[in-house]
Amino acid sequence: MSINTNLISKNLLSQDNSFSLLKEIIHNKNEEITKKFNPQQAVDSLLLEKSVFIDEILINCWHHFLKEQAQHLCLIATGGYGRNELFPNSDMDILILLKDSDIQDFQNDLSDFSNYLWDIGLKPGQSVRTIAECLQQASEDQTIMTNLLEFRLITGSPVLFSDLNKQINRKELWSSKDFFSAKMQEQEARYAKYHDTAYNLEPNIKEGPGGLRDLQNIAWVFKHHYKTSSLNELIEYDLLSEAEFNELKAARNILWAIRFALHTLTHRCEDRLLFNHQRDMAQQFGFTNENNEPDVEQFMQHYFKTVMELERMNEMLLQLFKENFFDTSLVKQLYPVSKYFVSVNKYIEVKELDTFEKYPLALLEIFLVLQLNPSLVGVRASTIRLIRKNLYLIDDSFRNDSKANKLFIAIFKSPRGLTHQLRQMNRYGVLAAYLPSFANIVARMQYDLFHIYTVDAHTLFVLRNLRRLSIEKHQDELPFCNSIFLRIRKPEILYFAALFHDIAKGLGGDHSILGEEIARNFCKQHGLPKSDSKLITWIVCNHLIMSTTAQKKDINNPDVVHKFALQVGNIEYLNHLYLFTVADIRGTNPSLWNSWKDSLLLELYRHTRSALHRGLKNPIARSKRLYENKQEAKDGLIGLGISEATINNTWKRISDDYFLCYSADEIAWHTIAIASTPKSELPLVLLRPQNQRGSVEVFVYANNENNIFSISVNTLDQLGLTVLDARIITIPLSETEQCVLNSFQVLEQTGESINNLDREIRICKTLQLNLLNLKVNEQPNIHRESRQAKHFPIASKVYFHKDPLSKYTMIELITTDHAGLLAIIGQVFNDLELVLHNAKIATIGSRAEDMFYVTDTQLRPISDENVLETIQTQLLLTLQNKENK
């Protein structure tokens, strides 16, 4: 392939405006290549065309600036440029090879050459070395060695280049075994960075597991060992069949096309499939909304299935490399591990090539054998190939075979290796073949910010989290959960519930109800006891209720706890649901789990367990709860030297609601603050670091003003804090005067507690000043808006619920979270003359699901339908105006 070199001539480079002319030529060529791009066709010719074009530019620039020295030095392409895989905005790595380190005579020429490349917009990654320096650095750093595996001469001295090539290929520089080990360590570190999963919502198509770097890893190890420049020889060396090699190329071409499209869409070297680009990419690749499946979810499922294939190929080939290249000196250790399988150097292998054809159940049994033999480290590559080849044997007859059913149950009952084997079953396609319903969720994206993994990856993370509760070495993570897990008589019940809890995602309708039916059919077919089946299906159907109750309802309200206890029914179900809920949240998004959620779930668990111990027909009376809280707080205060008279005087105007809303510990802390602060010194703002709920409490004692809540939450938001919970208590001082006791549970936006004294002081002083002036001073809002949130527009909705005690009107608001949201809501309540008594704030990704407890100014719940409609209209209109700004 060639281009019109007349356009890039020495005459052009001699002109004063050469760099602007050359920039225009480069721009036009990039536009020309971009127009040729078709997502349905391979892009290798375009990558080559771009590389050849850049070669021509560099050759002319090289000879123009280096003059007579040009033929004595080498200009070498390395990395992706060396492979002729130059994407629209790829890094362009070059090596300038010197005969010796004395460059005094042409140092300025080299500088002019390099600067000119930058002037015309090429931005090369450049290194200047002698052969000795190349060898020294390559021997010390495998990444430099890797770069030099894929170098090619652009122009310059072929003799000097040949000398470098010969010396680079010396075995003593990096042995095949050492190089392989280094690349494996690099891959492990890279996988760990991405939580050992390729199935993130915003995957990195180059660096993530199953991405292009996996393919390059295969190439580097293979080329280093065989001194070859092509992967086609994988077939010659019997490492891949022709069909498998074509699959590998097809997967590579898909990722190449996606990367090419990303570069042209973003106009930069972008390798992350960010939400910003996914919809545009889906449409560009020809996906359309159909059968209730959005185009973007179809596109991402297409991507995830591709990387799953590459991940499996990577595993298989690297194992073959290790065995064929580096373990050849080892004696082949072969011994039987079951009737159908043998161990070959700690990898399981079928005894005969036709084992699966003769005995299809071996497709399940192999994973049980792996569990029963912990010395086995994996499946031999040749057997992985046979598993894939024989997946068609897992048909309806296989699925209905009672022996297959017993094998599948045995895998879940095994005391070890469940998570690892299920991941392998998923990667090899066995899990989806055996459970067609599971096939529906393989590589299925959940297009929200709550789940950051595909449905199948999330499911297996939940299973892993539950398994970890049974393993002694992980007991320090969640010691209370570990103690509860010891009471679980059949752990497989939890594991099956995890397997089915999201299996109906993407089917339309309520996935909990649909999943319950799928789980029920599974239990019936697999002959599980009725009691086990009932518990599994109950968890699947109700797997969200504990999380919802803890985060959206007042769990200090005995009636809320009693209603939840009625739903749960008994302590066995409570134990299972509690453990499942913890595992589910932790497997959804690592950043969602924090000490606040931990404490809320634990508190609800303990309250519910107490209610179940008492008996559901004997709910705790509010009067008893009130007495117990007050007495415990009073005993604590007296123990601290506070007189009973002071306590009674402080409490005399405080309503019973306050003593039901707060714990004895919180009541005591508030009482000391109120008793020691005269009214003339209000407003008082105090901060208590990391309380028993793992959050930080900001306590406000102030004269009552209409906009106290709005000012408070607006200030906290500006300070970059997340409000988790708000409680508002109004105390009448006289017929005309009132004060408020407001308490806000907050965390940093990162989910962490506040552990800096200066920051604590600033929070208190800023809020106190704003409350004193009854306005929020303008300052930069450090509340970080989520980049992803704008790609998940959440329709605002307002619902009204009845309070069990008929004291409040409960307003549920669902909307997109953004800076100042609570302040806006507070202002609407003020404008409508609503009295806010309590707020439960739950933010899930970019989704705000908040509950507000309000009354009218006469402290009565709102029942007038017209008033409720006005509240709903005003809230939605205000939020819409905010979104349109």
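The values are calculated or read from the model by the stated rules, or taken from the named source; none is laboratory data. Everything numeric here is computed off the predicted structure, so don't read it as measured data. Reconstructed Cβ throughout: ideal geometry from the backbone, glycine too, with neighbour counts over all protein chains shown. Remember, those area values only see protein heavy atoms, side chains included, never the ligands or the DNA or RNA. Shrake-Rupley method; radii C 1.70, N 1.55, O 1.52, S 1.80 Å.
What 222 nm value per residue comes from the helices of the chain, counting each DSSP H run with n ≥ 4 as -39,500 (n - 2.57) and dividing by all residues, nearest 500 deg cm²/dmol? Intermediate values should be presented prior to the final figure.
Working: 39 runs with 469 residues, N = 885.
After summing the helix terms and dividing by residue count, I get -16500 deg cm²/dmol.
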Suppose we keep just the DSSP beta bridges with both residues in the chain; what percent of those would be antiparallel, to 5? 90
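What part of the accessible area of segment 799-879, given as a whole %, is carbon or sulfur when the probe is 1.4 angstrom?
Details: 1750 of 3480 Å².
Ligands and nucleic acids excluded, carbon and sulfur reach 50 percent.
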So what's the gap between the Cα centers of segment 396-423 and segment 650-669, to the nearest angstrom? 55
Rounded if a/c is under 1.5, else prolate if a/b beats b/c, else oblate: with a ≥ b ≥ c from the C-alpha gyration tensor eigenvalues square-rooted, which is segment 112-197? oblate
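Stretched out fully, how many nm does the piece from Leu772 to Asp510 gain, at 0.36 nm a residue minus the Cα gap?
Details: separation 262, 0.36 × 262 = 94.32 nm, distance 4.92 nm.
That works out to 89.4 nm of additional length.
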Cross-link reach list, lysines versus Lys679, counting only Cα pairs under 16 Å and skipping chain neighbours closer than eight places: Lys652
In square angstrom, what is the accessible area per residue of segment 364-448 with a 1.4 angstrom probe? 36
Can you give the FRET efficiency for Lys403 and Glu357, using 1/(1 + (r/R0)^6), R0 = 25 Å, r = Cβ-Cβ distance, to the nearest 0.05? 0.90
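With +1 assigned to the C-beta of every Lys and Arg and -1 to the C-beta of every Asp and Glu, and no other charges, what is the dipole magnitude of the chain about the Cα centre in debye, to the nearest 20? Can you show the working numbers first?
Working: 96 positive and 107 negative charges, 555 e Å.
Magnitude of the dipole: close to 2660 debye.
Normalised by the residues of segment 73-220, what does the relative contact order come to in percent, with Cα pairs under 8 Å and at least six apart?
Values: 157 pairs, mean separation 36.4, N = 148.
25 percent.
What's the local net charge at Asn373, with K and R +1, D and E -1, over the other residues with C-beta under 11 Å away?
Working: positive: Lys346, Arg416; negative: none.
Cβ neighbours under 11 Å give a net charge of +2.
Mind giving me the FRET efficiency for Thr857 and Trp118? R0 is 56 Å, r the Cβ-Cβ distance, nearest 0.05 is fine.
For Thr857 and Trp118, the calculated efficiency is 0.20.
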Ignoring ligands, DNA and RNA, what accessible area per residue does segment 286-355 give at 1.4 Å, in Å²? 49
Separation of alpha-carbon centers, segment 599-616 and segment 426-500, rounded to whole Å: 25
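If you count, for each residue, the other Cβ atoms within 10 Å and average over each peptide, how do 307-316, 47-56 line up from highest to lowest? It would help to have the intermediate numbers written out before the result.
Values: 307-316: 21.6, 47-56: 19.8.
Averaged packing, sorted descending, gives the order 307-316, 47-56.
What number comes out for accessible area per residue over segment 4-143 if the probe is 1.4 Å? Units Å², please.
Working: 6770 Å² over 140 residues.
Accessible surface, normalised per residue, equals 48 Å².
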Where labels lie 7 Å past Cα in the beta-carbon direction, separation of Arg622 and Ser175 in nm: 7.9
Give me the one-decimal nm value for the distance between modelled label points at Arg268 and Ile638, 7 Å along each residue's Cα-to-Cβ direction. 6.6
Nearest-ten-degree value, helix 418-428 long axis tilted from longest Cα axis of the chain: 50
Filtering trypsin sites (Lys or Arg not before Pro) in segment 108-196 by DSSP loop and by at most 13 other Cβ atoms within 10 Å leaves Arg170, Lys171
Can you tell me the relative contact order of the chain? Whole percent, Cα pairs under 8 Å, sequence separation 6 or more. 7
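To the nearest 0.05, what FRET efficiency results for Asp559 and Asp532 with a Förster distance of 22 Å applied to their C-beta separation?
Efficiency, rounded to the nearest 0.05: 0.10.
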Calculate what fraction, in whole %, of the accessible area of segment 629-739 sits on carbon and sulfur atoms when a 1.4 Å probe is rolled over the protein chains. 45
Given labels modelled 7 Å from the Cα in the Cβ direction, how far is it in nm from Gln41 to Ala243? 2.9
Relative to the first principal axis of the alpha-carbon coordinates of the chain, what is the inclination of helix 865-884, with its axis defined by its Cα atoms, in degrees from 0 to 90 and to the nearest 10? 30
What lysines sit close enough to Lys406 to cross-link, taking a C-alpha to C-alpha distance under 17 Å and skipping anything fewer than 8 places away on the same chain? Lys490, Lys524, Lys530
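Step by step: find N for segment 452-591, compute 2.2 N^0.38 Å, then divide the Cα radius of gyration by it. What's the final number? Display every interim value, and only then the final one.
Details: Rg = 14.8 Å, N = 140, 2.2 N^0.38 = 14.4 Å.
Dividing the Cα Rg of segment 452-591 by 2.2 N^0.38 Å gives 1.03.
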By how many degrees, between 0 and 90 and to the nearest 10, does the Cα long axis of helix 595-614 differ from the longest principal axis of the chain? 50
Each residue of segment 578-592 in order: what ³J(HN,Hα) in whole Hz does its phi give by Karplus 6.51 cos²θ - 1.76 cosθ + 1.60, θ = phi - 60°, with x for Gly and Pro? 4, 4, 5, 4, 4, 5, 5, 4, 5, x, 8, 6, x, 7, 7
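How much length is gained if the chain between Asp476 and Tyr226 is pulled fully straight, taking 0.36 nm per residue apart and subtracting their Cα-Cα distance, in nm to one decimal? Walk me through the numbers before you get to the answer.
Working: separation 250, 0.36 × 250 = 90.00 nm, distance 4.77 nm.
The Asp476-Tyr226 span can extend by a further 85.2 nm.
Of the accessible area of segment 10-76, with the probe set at 1.4 angstrom, what percent is carbon plus sulfur? Kindly include the intermediate steps, with their values, before the conclusion.
Values: 1550 of 3300 Å².
Accessible surface attributable to carbon and sulfur in segment 10-76 totals 47 percent.
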Starting from one equal scatterer on each C-alpha and no solvent at all, send me the Debye-based log10 I(q)/I(0) for the chain at q = 0.05, 0.06 Å⁻¹, two decimals. -0.40, -0.56
A student applying the Cα gyration tensor rule (rounded when a/c is under 1.5; otherwise prolate if a/b is larger than b/c, oblate if not) would label segment 554-649 oblate
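State whether segment 644-715 is rounded, prolate or oblate according to the following rule on the C-alpha gyration tensor (a ≥ b ≥ c being the square roots of its eigenvalues): a/c under 1.5 gives rounded; otherwise a/b larger than b/c gives prolate, and the remaining case gives oblate.
On the way: a/c = 1.59, a/b = 1.13, b/c = 1.41.
Cα axes put segment 644-715 in the oblate bin.
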